[in-house]
Amino acid sequence: MKNGFEAFRITRQFIDALDAMGIDTPTEIQDKAIVPALAGQDVLGIAETGSGKTLAYLLPLAAKIKYAREGHPLAVVLAPSKELAVQIHRVWCSLAANTDMRAVCLYGGVGKKTQVAALEAGCEVVITTPGRLIDLYSFGHVFLRQVRTLVLDEADRMMEMGFMPQLRSILEIIPVKRQNLLFSATFPERMEHMAGEFLDFPVRVESAEHGKPVESVIQQWVPVPNFRTKLGFLRHVLDGGWERVMVFCRTRDAAERVSKYLERRRPGSVRVLHSNKGQHSRINALDAFREGEVQVLVTTDVSSRGIDIAGVSHVVNFEIPKTIEDYLHRIGRTARINTEGTAVSLANPAEAPEILAIAEALGADVVRTELPAAVEQAPDLPGERQEIARALDMMKRKADSTYKGAFHDKQKRPGGAKKRQSRSAKGGKSKGGKR
Ligand code: AMP
């Protein structure tokens with residue numbers, strides 16, 4: 001059978017590689033981005049992980065370089081996290097498997113020796129986080145004067161994470177005459193300025209699904225009284241055979257608690273991934289989950305963004321995300337291209353209005369489902385009830401400025417001094433906890 005990518009007139013070695021990857025029909029973003037990118041134009045792609053964006057830029061990149069050269073890197077791919085850089089490198093290795101081209105993957109948090117050795121051995125493509133590239137450049141380990149193509153993947157994340165100064169420094173050290181491909185999951189106004197800075201008359205391409213939950217994700221929410229009952233729910237569904245589950249928490253403290261609980265009840269079934277984990281531990285956790293060695297990956301929004309893992313059967317929002325973007329990102333981890341999946345949001349009484357607001361804003365059908373009868377209602381954690389009451393109070397105050405609040409008045413001690421607030425059920429930081 002003919003591979004749909006043959007229409008792009010790319011050489012057989014790449015078609016064979018795509019066949020080996022089981023990829024035969026271009027996704028929408030690939031359909032729209034590959035032709036202008038092959039023609040040498042700048043491309044602004046609005047597409048998230050799961051849309052096939054990586055191949056949308058790697059394929060034209062590889063098709064243009066074609067074979068290994070003696071010189072220095074011809075292309076730089078910038079990514080906001082080490083995990084994403086590793087993932088892009090993995091796709092590159094599959095795509096370039098039938099060629100002699102080499103890509104080097106660079107990221108911080110680990111020693112430089114291996115990366116420097118890889119650079120010295122020569123490569124055509126550098127896939128890197130911004131900080132490590134500048135670091136290695138400043139010590140003379142990487143030569144960038146032959147770069148002809150610059151890719152910025154998850155440009156919105158890079159901006160959010162404060163990488164702009166580094167990105168600007170990189171622009172200063174690579175040749176002005178080059179092709180730029182910029183991909184971003186969202187396109188807020190600030191991104192327009194960034195696009196103006198990095199791109200020259202770009203062709204703008206967008207995946208139609210952008211901003212909408214993937215149709216094939218079944219979305220449910222379950223009212224759950226408290227943290228411990230949520231743990232009971234998790235254990236119940238894992239015992240019941242949910243296969244590959246990503247569990248999202250708001251903070252890394254909560255992620256730690258959840259993973260420790262699961263490790264105690266179901267030893268060897270879980271890994272945890274958050275921003276406080278060391279580099280190797282994060283990559284190992286991802287690999288173990290990707291390879292199916294563990295059933296569950298517990299994580300936070302920040303550290304798992306952009307991660308592509310095939311075949312996630314269920315996403316559990318153990319805590320409701322703060323933003324619609326985070327919600328979309330989380331549920332997009334399941335039901336990747338051509339597959340189905342379920343996203344279940346566990347909401348305590350303070351979170352119930354939040355998930356309903358997200359559903360309404362998205363126009364999504366998030367179906368209320370009751371807690372299974374087999375899951376026992378566990379007692380609150382110390383201070384949890386007050387925290388929920390406080391959150392509900394805040395919500396009411398926001399909605400109605402004349403609302404006096406039931407909770408805060410009760411908190412006053414007879415002597416008039418405010419009672420010390422108890423530590424949060426989520427590790428003491430209900431808001432702004434580290435992710
Ligand atoms: P990405 O959005 O680049 O992270 O890709 C998400 C997932 O889709 C990866 O696992 C890719 O291997 C896969 N993929 C990319 N392009 C296609 C395609 N045309 N058909 C099927 N799967 C694809």
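The values are calculated or read from the model by the stated rules, or taken from the named source; none is laboratory data. Note that the structure is predicted; figures quoted are calculated from it, not measured. Cβ atoms come from the backbone with ideal geometry, glycine included; neighbour counts cover every protein chain shown. Quick note on the areas: whole protein, heavy atoms, side chains included, nothing else; ligands and nucleic acids left out. Shrake-Rupley method; radii C 1.70, N 1.55, O 1.52, S 1.80 Å.
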*Out of (1) of a type outside the set (Gly, Ala, Ser); (2) within 22 Å of Gly332 (Cβ to Cβ); (3) away from the ligand (no atom under 12 Å from the Cβ), the odd one out for Gln13 is which?*
(2)
*Select from the range 36-53 the residues that are at pLDDT 95 or above and part of a helix (DSSP H, G or I) and write down the one among them that is nearest to the ligand (Cβ to nearest atom).*
Ala37
*Please find, within the range 16-35, the residue that is nearest to Gln179 (Cα to Cα) out of those that are surrounded by fewer than 18 Cβ atoms within 10 Å (Cβ to Cβ) and away from the ligand (no atom under 12 Å from the Cβ).*
Val35
*If a residue has to be assigned to a loop (DSSP other than H, G, I, E, B) and more than 25 Å from Gly40 (Cβ to Cβ) to count, how many in the range 152-184 make the cut?*
3
_Ile127 in contact (Cβ under 8 Å) with a residue 12 or more places away in the chain, farther than 23 Å from Gly196 by Cβ and β-branched (Val, Ile, Thr)_ = yes
*Subset of the range 298-319 (residues that are under 17 Å from Arg252 (Cβ atoms), away from the ligand (no atom under 16 Å from the Cβ) and either among the polar types (S, T, N, Q) or modelled with pLDDT of 90 or more (or both))*: Val298, Thr299, Thr300, Ser303, Val316, Asn317, Phe318, Glu319
*Can you confirm whether the range 88-97 contains a residue that is in contact with a strand residue (DSSP E or B) (Cβ under 7 Å, 6 or more places away or on another chain), within 14 Å of the ligand (Cβ to nearest atom) and closer than 25 Å to Glu172 by Cα?*
yes
*Are any of the residues in the range 91-109 within 22 Å of the chain's Cα centre (by Cα) and open to solvent by 60 Å² or more (accessible area, probe 1.4 Å)?*
yes
*Mind checking whether some residue in the range 244-267 is buried (at least 19 other Cβ atoms within 10 Å of the Cβ) and of a type in the set (Asp, Glu)?*
yes
*With the checklist (1) in a helix (DSSP H, G or I); (2) in contact with a strand residue (DSSP E or B) (Cβ under 6 Å, 6 or more places away or on another chain); (3) away from the ligand (no atom under 15 Å from the Cβ); (4) more than 20 Å from Pro202 (Cβ to Cβ) in hand, flag the one item Pro73 doesn't pass.*
(1)
*Please work out if Ala56 is within 13 Å of the ligand (Cβ to nearest atom) and either closer than 22 Å to Asn98 by Cβ or at pLDDT 95 or above (or both).*
yes
*Can you tell me which residue in the range 315-373 is surrounded by the fewest Cβ atoms within 10 Å (Cβ to Cβ), limited to those that are basic (Lys, Arg) and in a loop (DSSP other than H, G, I, E, B)?*
Lys322
*asked:* Could you check the range 113-151 and list, in sequence order, the residues that are touching a helix residue (DSSP H, G or I) at 6+ places or on another chain (Cβ under 9 Å), open to solvent by 60 Å² or more (accessible area, probe 1.4 Å) and either within 16 Å of Lys82 (Cα to Cα) or in a helix (DSSP H, G or I) (or both)?
replied: Tyr137
_Report every pair of residues separated by at least 6 positions or lying on different chains whose Cβ atoms are under 6 Å apart, first residue within the range 235-260 and assigned by TED's automatic domain parsing to the domain that holds Arg330 and under 14 Å from Val294 (Cβ atoms), second part of a helix (DSSP H, G or I) and among the polar types (S, T, N, Q)._
none
